[in-house]
Structures are given as structure tokens and as C-alpha cells.
């Protein structure tokens, strides 16, 4: 049943977000810490368990796979609802602070990969 | 016409599905016709999305891009944080738990480096611009991390509203820059495997930017980038207004 997959995804999502909120509160900050990351880990673990038990059926997968494949359209919608105007017009300093570190990040990235491989 | 507007008004999310579908169709057509598919359709669609976001802000003066235009409000629902996070979690379907575990340490190290690089660079640029007080410097440095870390830090430290607005602006520019430059630089910097995508998510941090940039690069890498990037904002909110601020205060006050 497709709804089983969707419910499994929803379960992982809600529990993950809950852990993120609790962790944020524990650390004393007003923010969700890694809720989505926890949710992803939970879903990955549940997938392993379900596979082992033989419950990982095609119908169930469809319920999750739909949202997996909806990911890019959601990102397109997200891009269209970002405050691009204010980002561009918030002044030269904001643009410099927004862009220069990104290039530093791109420059540093291969260094990190290399040093980690050794 | 009045009836149609009524239907559109009542069914915002469905209108959003249709709009994004049409935008994707057009982008795939442009990709095939003019770029011989060398630039993926999804990259063009995301870029066009940003253009629409700009136009929305330009015409309405609001802060939610195209979705501030009444008939397009459903795009804002579809692109809002609930569906974004839900779809990102669903991408875990294509990720392997073993690979994530294998690169977990690399991911954590890259998170720390990512926050350090962006914070220090942001503070340095603000310093060069003439800012000297530790509160403003810290808020702007935090804004260089993400557009959430900036205002959270600014609010915690009591920064002026101009500086907070600036930090949000910087974070938004970062998201857009990562979205646009990731597919361009991916090959050059060796971003081609699950492990490297996890490191990339940690370095860049902005989950929206990383997710959109990887989607335009190679959708298979999205879950790996997202699984680390999602910790970045929380970690940034944790150390920017505390540890990093104390260090700045020691230097500048």
C-alpha cells in the first residue's frame, strides 16, 4: 500500500524534527538542530530493517519515491519564493559577504578532500 | 474569468503544481534546443525560479518572491520549509546508510571547517568595510553562514536592525551563489561521489543552496549533501553567538 510508505516517511520526518527541536532546546538555542538529518538517518535505518524483514515492497516504496522525485520541483518552487530582490538590493556589503566566502569554500573543498584521503 | 480566479484562489497548492510543471517543461525545452542538454533542464528551471523570485519582490515589495503575487501563492506553499524538508528526507530513499556512516567523520570535520571559513571571511569583510564593534561583526559573520544563523545571532546579541537585515541579505546571496556556482564548479573541485557530497554539504551549509546546487549537478548526490548541510544552521546558531562572539569581544573590546 502506497500509504504505508508515505506514513513511514511522515513518521521519520516527524520524529527527526522532534529530535532536532529537543536537541536545540538541550543546547539552549532557539533553533532546530539537524532535524532533517536525523529524519533521513531514521528513514535509512528503517529501510534496512524493512528490507531484512521482507516488508520493503514495491507499493510501499512508491509512497516515498513520489516525494523523492518531487524534490527538484519543490526546490524550483523554493527558488521562486526566495526573497531574491532584497538579497540583491541589500547593498554591496551583503553581496560581498554572501559571495566571497562561497568562493573560499570552493577553493578549500578540494584541499579538505585530499588531506582526508591521506 | 471571475469564476476562474475563484478556482485559482481556492486551490493555491494545485496551481503551484501546474506552474512548476510548466516551468520545468519550458526549461527542459530550452535545455535541449539551445544548450544541447549540456546545461541540465533542472538547473535552468532553478535559475528561472530565482528570476521569478526577483520579479515577485520587484512588483509586490514583499519578501516571499513570486508567491507574494496572489494567484501564485501556492508556489510559496510548495516551496515552503515543510515540503522542502519532507522532500529532502524522502531523498534518503536513494542513499545508503553504510556510505553515510563511512563518511560521517569527514562530514563532521567539514561542518566545523565550513562554519569557520564562512564566519571568519564574513567578519574580515565587515572589518574591511569599517565595522569595529564585536556585535555587528559577529552578526555579519553569522549571516555569511546562513540567513537563519545571522538573525538568530543578531537577536541574541542585540544587534541593530540594519545589521540584522544585512546579515539576512548576505545569507540569501550565499544561498543563491551556491545554487548557481555548484553545478559550474562541481567537476573542477572533485564533487562527484557520496563522500565528497557529504563534505560539500558541510562546507557550504546552506541546505537550500546545497540541495538546489546538487540537484542541478547530479540528483544522486542530493541526499548525501543534505544529510550534513542540515546540521550546519543549528551548529552555527550554537557557536556564533557564544564561542565566536566571546573571541571577537576579546579581540575588539
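Residues that are at pLDDT 90 or above: list the helices (runs of 4 or more DSSP H) wholly contained in the range B:1-120 that include at least 3 such residues. Steps first, please.
On the way: elements: B:2-10, B:12-35, B:41-60, B:73-78, B:81-90, B:97-102.
It comes to B:2-10, B:12-35, B:41-60, B:73-78, B:81-90.
Applying a threshold of 6 Å to beta carbon distances and a minimum spacing of six or more residues, or different chains, the list of pairs starting in the range B:104-117 at a residue that is at the interface with chain A (Cβ under 10 Å from one of its Cβ atoms) and ending at one that is surrounded by fewer than 18 Cβ atoms within 10 Å (Cβ to Cβ) and at pLDDT below 90 reads B:106/A:116. All told, residue A:43 meets the bar of being buried (at least 17 other Cβ atoms within 10 Å of the Cβ), facing another protein chain (nearest Cβ under 7 Å), under 17 Å from residue B:83 (Cα atoms) and touching a helix residue (DSSP H, G or I) at 6+ places or on another chain (Cβ under 7 Å).
The test for being free of Cβ contacts under 8 Å to residues at least 12 places away in the same chain and at the interface with chain A (Cβ under 7 Å from one of its Cβ atoms) does not hold for residue B:34. Screening the range A:57-118 for helices (runs of 4 or more DSSP H) wholly inside it with 2 or more residues that are closer than 30 Å to residue B:161 by Cβ, without any contact (Cβ under 8 Å) to a residue 40 or more places away in the chain and touching a helix residue (DSSP H, G or I) at 6+ places or on another chain (Cβ under 7 Å) returns the ranges A:71-80, A:84-89, A:92-117. Criterion applied to B:197, B:186, B:177 was being facing another protein chain (nearest Cβ under 9 Å) and touching a helix residue (DSSP H, G or I) at 6+ places or on another chain (Cβ under 8 Å), and the one residue passing it is B:177.
The values are calculated or read from the model by the stated rules, or taken from the named source; none is laboratory data. Source: prediction; values computed, not measured. For neighbour counting, all protein chains shown are included, and Cβ atoms are generated from backbone atoms with ideal geometry for every residue, glycine included.
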